[in-house]
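Chemist: I'd like to ask some things about the structure below.
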Amino acid sequence: MKVTVTGIPVKDQDKALEFYTGKLGFIKKIDVPLGGGNHWLTVVAKEEQDGPEVLLEPSPNNFEPAKIYQQALFDAGIPYTQFSVDDLQQEYDRLLNLGVAFSLKPTVMGTVKLAVFNDTCGNNIQLVQML
């Protein structure tokens, strides 16, 4: 068993695609129209194009409990998911220069260094570097 797709709820798929590709550096892998303006829309890491896909899922717009859950996590400052990076400080500086808003600057916690940013689509996302 392995992870092939993991979903992140987004309020606007077009805005999410722009952010996740233009700022975070993922590339679009699948974009299949589903009707009603929704898509099966996934992105992957450039360096691992056959690796796990991130589904930019429009669930908050179509399922009220998902909208409430997403908002509650965001308001509490809890990251929806996390992405691993090799050099957190370098990635933090790169994203900061692109205008990405961080709620937690790079911070060492035990054997990891982490930071948290707003993905502009309703989620806090955590970046993690193993030390």
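Chemist: Would you work out what percent of the accessible area of the chain, with all protein chains in place, is carbon or sulfur (probe 1.4 Å)? Let's see the in-between values first.
Modeler: Values: 4120 of 7700 Å².
Carbon and sulfur together cover 54 percent of it.
Chemist: Ignoring everything except DSSP H segments at least 4 long, calculate the 222 nm mean residue ellipticity for the chain; use -39,500 (n - 2.57) per segment, divide by total residues, nearest 500.
Modeler: Details: 4 runs with 37 residues, N = 131.
It lands at -8000 deg cm²/dmol.
Chemist: Still on this model: With a 1.4 Å probe and all protein chains kept in place, how much accessible area does residue 83 have, in Å² rounded to the nearest 10?
Modeler: 40 Å²
Chemist: Taking a threshold of 21 Å on the Cα-Cα distance, which of the pairs 2/23; 11/46; 29/67; 23/46; 2/105 fall above it?
Modeler: 2/23; 11/46; 29/67; 2/105
Chemist: Separate question: Leaving out ligands and nucleic acids, and using a 1.4 Å probe, what accessible area per residue does the chain come to in Å²? Working shown, then result.
Modeler: Numbers: 7700 Å² over 131 residues.
Value returned for the chain: 59 Å² of accessible area per residue.
Chemist: Which length gain, in nm to one decimal place, applies between residue 93 and residue 109 when the Cα-Cα distance is subtracted from 0.36 nm times their residue separation?
Modeler: Full-extension gain reported as 3.8 nm.
Chemist: May I ask you to derive the relative contact order of region 5-130, considering only C-alpha pairs under 8 Å and at least 6 residues apart, and to give it as an integer percent?
Modeler: Details: 238 pairs, mean separation 31.5, N = 126.
About 25 percent, as a whole number.
The values are calculated or read from the model by the stated rules, or taken from the named source; none is laboratory data. Keep in mind the model is a prediction, meaning the values are calculated, not measured. For accessibility, only protein heavy atoms count, side chains too; no ligands or nucleic acids. Shrake-Rupley method; radii C 1.70, N 1.55, O 1.52, S 1.80 Å.
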